[in-house]
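All remarks here apply to the structure that follows.
The values are calculated or read from the model by the stated rules, or taken from the named source; none is laboratory data. If you're wondering where the values come from, they're calculated on a predicted model, not measured in any experiment. When we count neighbours, we look across all protein chains shown, and the Cβ atoms used for this are built from the backbone with ideal geometry, even at glycine.
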């Protein structure tokens, strides 16, 4: 079937033009630092993470690297997000809210979705006992939109989505239900 050249192209639910419709909260990272160890001659990346959900206490974990650049990149990718201090959903004000494991925003069940735990770094979680994690719909949309932009060769769009700060390139991405087979019609 031949398409008319004047027919407008189809728009996916993950088109970058829909990004402004999402309430995106830029991920703010927990404390992290990098220092050089004279004893081991390694660069030590130190990141902090909460000990348990809702706890104010932080736990510090360290990782050795051969270069300062590697250690800094690791910290920027694996330092967990700061948790929003609000007790209610940031989107709809529902008083029963948890925090998004990807950006830290407070969200209720209606304003969130579930990801497999492998989709966020292990350092983002205080416990490894869960199979899924709560993620806000904005972070879910960004992850899917980023994948679609790459699959469709829209690299400028992928860069714009990555600039939001909520797409972590060192983790797995969600399965996009039937969107991976999406074809642009021009």
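Taken over the stretch 98-119, the criterion of being touching a strand residue (DSSP E or B) at 6+ places or on another chain (Cβ under 6 Å) and surrounded by 20 or more Cβ atoms within 10 Å (Cβ to Cβ) is satisfied by 99, 100, 101, 102, 103, 104, 105, 106, 107, 112, 115. Within the stretch 131-160, being in a loop (DSSP other than H, G, I, E, B) and touching a residue at least 12 places away in the same chain (Cβ under 8 Å) holds for 131, 152, 154. Of the residues making up the stretch 70-109, those that are over 17 Å from the mean Cα position of the chain (by Cα), free of Cβ contacts under 8 Å to residues at least 24 places away in the same chain and either in a strand (DSSP E or B) or in the same structural domain as residue 49 (by TED's automatic domain parsing) (or both) number 0.
Residues being in a strand (DSSP E or B), more than 30 Å from residue 37 (Cα to Cα) and more than 14 Å from the chain's Cα centre (by Cα) are entirely absent from the stretch 112-126.
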